[in-house]
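Asks: Quick one: the structure is below, and I'll ask about it shortly.
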Amino acid sequence: MAARLADLLPVPYYHSIFTLPHVINPLVPFNKALLYEMIFDSASQALLQFGRDPKWLGAQIGFFGILHSWGSKMWSHLHVHFIVPAGGVDANGHWVEPKYKGRFLFPVRAVSQVYRGKFVQRLKNAYYQGRLVLPEGYRHLADPKQFERFVDALVGRDWNVHIKRPFSTP
């Protein structure tokens, strides 16, 4: 434990959570590796995009993520937790602190929209490349028009993203 503590940066850390809408849950058992990769990629790319944006930080951020496939009530609830240092390294190798120290790292609603867009694009790519397995109750989505309606419904809803205030200690 002492070795891991020595790896920590002397900065606050944010706890970020990215969740998939429950309507996707029936697809998960048939597409585990694909959907796990998609949620990690979409969420991490959204975080990196906001980190690089000079409006929010203008730096390269780091983080680590942990996949949770079940909720506290033991039903399917695919989500990823990321621990994100409060800041990043700029192009000159200097540490950059968040502009809104302690209040928020990035605007959650905007991060949610970017995350949703990245995930939906990956989902569409997988579908049209024939990599998405459709279970019994979702076979109607084999029709591209039905699939596009399904995607429209996903895009039409808010996706749960939380970026909590910094921990008191790492």
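The values are calculated or read from the model by the stated rules, or taken from the named source; none is laboratory data. These numbers come from a predicted model, not from an experiment. FYI the Cβ positions are ideal-geometry reconstructions off the backbone, even for glycines, and counts take in every protein chain you see. Just so you know, the surface numbers come from the protein's heavy atoms only, side chains and all, with ligands and any DNA or RNA stripped out. Shrake-Rupley method; radii C 1.70, N 1.55, O 1.52, S 1.80 Å.
Asks: Would you confirm whether any residue within region 124-134 is among the charged types (D, E, K, R), exposed (fewer than 14 other Cβ atoms within 10 Å of the Cβ) and at pLDDT below 95?
Replies: Within region 124-134 (the criterion being among the charged types (D, E, K, R), exposed (fewer than 14 other Cβ atoms within 10 Å of the Cβ) and at pLDDT below 95), the answer is no, since none of the residues qualifies.
Asks: Also, quick follow-up: Which one is farthest from the chain's Cα centre (by Cα) among residues in region 5-24 that are surrounded by 15 or more Cβ atoms within 10 Å (Cβ to Cβ) and under 18 Å from Lys118 (Cα atoms)?
Replies: Ranking the candidates gives Ile24 first.
Asks: Suppose the filter is in contact with a helix residue (DSSP H, G or I) (Cβ under 8 Å, 6 or more places away or on another chain) and at pLDDT below 90; does Leu78 pass it?
Replies: yes
Asks: I would also like to ask the following. When both residues are 6+ apart or on different chains and their Cβ atoms are under 9 Å apart, which pairs have a first residue that lies in region 96-118 and is at pLDDT 90 or above, and a second that is open to solvent by 60 Å² or more (accessible area, probe 1.4 Å) and part of a strand (DSSP E or B)?
Replies: These pairs meet every condition: Val96/Val89; Val108/His162.
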